[in-house]
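To start, the structure itself, in C-alpha cells.
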Amino acid sequence: MKNILVGIIITLILFLGNSCNTKKEATFYNYDDFETINTDFKLESKAVVNGKLLDDFKCEKKINDVENSIPLSWSNVPEGTNSLAIVMYHYPKKDDKTEINSYLLLWDINPSVSEIPYKMANNPNWFMGSNKDGTAVSYTSPCSHGPGEHKYTIALFALSETPKSLPKSNSVDVDLETLMNAISEVTVIDRTTLTFTDSNK
C-alpha cells in the first residue's frame, strides 16, 4: 500500500511539473517564412513611397490613447477567401527575432473590402485588437528613436473563414500572439505583405 501511495505521489509531481513547463513555453512564429501563393494579391499604402514611410504618418498624436491609422488598399483577393485579417509588426532588435512588436491587429474583414482610409482602421465593420503597449484598442504609428533604419511589415491574410476563437468585438486582450494562434486554426489561402522602413535622423 505504501509503495502504491509513493507511486501515485511521484506520478502527480511529474504531471504537475510537465503542466507548468508547458504553460511557460512561448509560441514562436517566424513571420518572414510565409510565402505568397498568388502573386497578383497586392497590398499598398499611400503613406509609403519608395519603401519609406512618409513623415506625415510618423509619431501620430495620441488622443485618449488612440492614434490615427495608416491608409491601406489591396487588390486581387484570392478566390475562396471568406475573411481577411491584418497584422503590422516590427522586430525592435534587428538580429533577434524572438522579440516582436505589433502595431495593427484587425480581423473579420469582409473580402469585398479593398481599402482602409487614413484614420479608419477602427471601423465597426470589422474588429481591432490592442495597440503595441496593450493599453488600448488602437493602431500604433511608427515612431523610431533608435539609430539607423527600422523595418516594418504589414501582412494581409486571406482566410477560409474568420477564426472562431476570436471575439466578435474589439478587444484589448487580442495581442499579436492571440491573433496568430487564431489564424493557425483556419486555412490561410494566401498572404501578401507591404514592407517599409522608418529612420531616425
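Between Thr135 and Thr197, what is the label-point separation in nm under the 7 Å Cα-to-beta-carbon projection?
Result for the modelled spin labels: 3.0 nm.
Cross-link partners among aspartates and glutamates for Lys52, C-alpha distance below 18 Å, same-chain residues fewer than 8 apart left out?
Result set, ordered by chain and number: Glu44, Glu60, Glu149, Asp198.
Based on the Cβ-Cβ distance from Ser184 to Glu79, what FRET efficiency comes out when R0 is 25 Å, to the nearest 0.05?
It comes out at approximately 0.70.
Region 38-129: which trypsin sites (Lys or Arg not before Pro) are DSSP loop and have at most 10 other beta-carbon atoms within 10 angstrom?
Answer in residue order: Lys61, Lys93.
What distance in nm separates the two pseudo spin-label positions at Met120 and Ile63, each 7 Å out from Cα along the beta-carbon direction?
1.7 nm
Ignoring ligands, DNA and RNA, please state the percent of accessible area on region 38-78 from carbon and sulfur, probe 1.4 Å.
Values: 1170 of 2490 Å².
Result for region 38-78: 47 percent of the exposed heavy-atom area is carbon or sulfur.
Strictly greater than 23 Å: what percent of every Cα pair in region 87-201 meets that?
Roughly 29 percent, rounded to a whole number.
Heavy-atom accessible area per residue, region 41-152, 1.4 Å probe: how many Å²? Working shown, then result.
Numbers: 5740 Å² over 112 residues.
Value for region 41-152: 51 Å² per residue.
What nm distance separates the two modelled labels at Ser165 and Asp40, each placed 7 Å from Cα along Cα→Cβ?
So the label points at Ser165 and Asp40 sit 3.3 nm apart.
Please list, in chain and number order, the residues 5+ apart from Ser69 or on another chain whose amide H is under 5 Å from its amide H, with Hs placed from the backbone.
Long-range HN contacts for Ser69: Lys119, Met120, Ala121.
Taking loop as defined by DSSP and a crowding limit of 13 other beta carbons within 10 Å, which GluC sites (Glu not before Pro) in region 91-176 fit?
Taking region 91-176 and a limit of 13 other Cβ atoms within 10 Å, the loop GluC sites (Glu not before Pro) found are Glu99, Glu161.
For region 155-201, what is the Kirkwood estimate of the hydrodynamic radius, computed as the reciprocal of the mean inverse distance between distinct Cα atoms, to one decimal in Å?
12.5 Å
In sequence order, what are the phi-derived ³J(HN,Hα) couplings for region 47-63 according to the Karplus relation 6.51 cos²θ - 1.76 cosθ + 1.60 with θ = phi - 60°, rounded to whole Hz, with x for glycine and proline?
Running phi through 6.51 cos²θ - 1.76 cosθ + 1.60 with θ = phi - 60° gives 7, 10, 10, 6, x, 10, 6, 5, 4, 5, 10, 9, 6, 4, 6, 7, 10 Hz.
The values are calculated or read from the model by the stated rules, or taken from the named source; none is laboratory data. Note that this is a predicted model, so its numbers are computed, not measured. Cβ atoms come from the backbone with ideal geometry, glycine included; neighbour counts cover every protein chain shown. What goes into the accessible areas is simple: the full protein's heavy atoms, side chains included, and nothing from ligands, DNA or RNA. Shrake-Rupley method; radii C 1.70, N 1.55, O 1.52, S 1.80 Å.
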